[in-house]
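Worksheet: the structure to be examined is printed underneath.
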Amino acid sequence: VKLSDGTFVKIVTKATYLGTQIGGPQDGAQEEIGHRIDKANEAMRRLQKIWRLEWISVGKKLLFYKSLVSSILLYATEYRSWTVAQLQRLESTQTRHLRRIGQSPAHIAHEPNQALRARLDYPSVFSRIRYNRLKWWQKMWEDNDQRVWQGMWGVLEANDVAKDHLTPALNETLIDDI
């Protein structure tokens, strides 16, 4: 494609934007999952010295993990449909990371994954994605942007569905785990 200033732009079927792959075939989700896991594992390796420091509490390490690793692993996952197998891949990666931070190797501790998440007070991948999706829906209701609703549902009045249905689900979603 030639732009008005004479510059040529190549048309591509997929691209990476802010770490998320856009476009491509339907099976591109598998590639995206692999890409996310690789980047998150790389971030974990770079923070290896912090995980080894005994004078930093587990709570502080979890804050580092949430902001520096989990954000890479779960960036914009609420806007895409995932299969159960893909969610399990993300969950197993997160569990492996949490075991490193919580000093609970599976082959020695035999601590179940749910018990580990409960001990560290850290939600599952599924719960975080569901929570973020509900926050997005709640924001849509609060903004009451008719253009978005018309684009998604045709003509829909905001009063047709009660806004109060989202808040209880949002409050309880982090309690439920797989």
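If you add up the charges near Gly59, with Lys and Arg at +1 and Asp and Glu at -1, over every other residue whose beta carbon is less than 15 angstrom from its beta carbon, what do you get? Show your work: numbers first, answer last.
Working: positive: Lys60, Lys61, Lys66, Arg117, Arg119; negative: Glu54, Asp121.
Its environment carries a net charge of +3.
Highest mean first, how do 132-138, 95-101 rank when packing is the count of other Cβ atoms within 10 Å averaged over residues? Let's see the in-between values first.
Numbers: 132-138: 15.4, 95-101: 18.7.
Per-residue Cβ counts within 10 Å, averaged per peptide and sorted highest first, yield 95-101, 132-138.
State the Cα centre-to-centre distance between the range 47-115 and the range 116-135 in whole Å.
Going from one Cα centre to the other spans 11 Å.
In whole Hz and in residue order, list the ³J(HN,Hα) couplings for the range 68-84 that follow from phi through the Karplus curve 6.51 cos²θ - 1.76 cosθ + 1.60, θ = phi - 60°; x for Gly and Pro.
3J(HN,Hα) across the range 68-84, in whole Hz: 9, 10, 4, 5, 6, 5, 10, 4, 6, 6, 6, 9, 10, 8, 10, 7, 4.
In whole Å and largest first, what semi-axes does the C-alpha gyration tensor of the range 44-98 yield when each eigenvalue is scaled by 5 and square-rooted? Can you show the working numbers first?
Working: eigenvalues 128, 26, 15 Å².
With the √(5λ) rule applied to the range 44-98, the semi-axes are 25, 11, 9 Å.
Rank by packing, highest mean first: peptides 1-9, 39-47, 104-112, with packing defined as the count of other Cβ atoms within 10 Å averaged across residues. Before the final figure, lay out the partial values.
Values: 1-9: 6.9, 39-47: 15.9, 104-112: 11.6.
So the order, starting with the most tightly packed, is 39-47, 104-112, 1-9.
Lys10: which lysines have alpha carbons under 25 Å from its alpha carbon, excluding same-chain residues fewer than 8 sequence positions away?
Straight-line reach from Lys10, under 25 Å: Lys2.
Pairs to check: Lys66/Lys135; Lys14/Lys49; Lys14/Lys66; Lys14/Lys39. Give those whose C-alpha atoms are more than 25 Å from each other in this structure. Can you show the working numbers first?
Details: Lys66/Lys135 18 Å; Lys14/Lys49 36 Å; Lys14/Lys66 28 Å; Lys14/Lys39 19 Å.
Pairs exceeding the cut-off: Lys14/Lys49; Lys14/Lys66.
Values quoted throughout were computed directly from the atomic coordinates according to the rules given, and no laboratory measurement underlies them. Because the structure is predicted, anything quoted here is derived from the model rather than measured. Quick reminder, even Gly has a Cβ in these numbers, built from the backbone with ideal geometry, and neighbours come from all protein chains shown.
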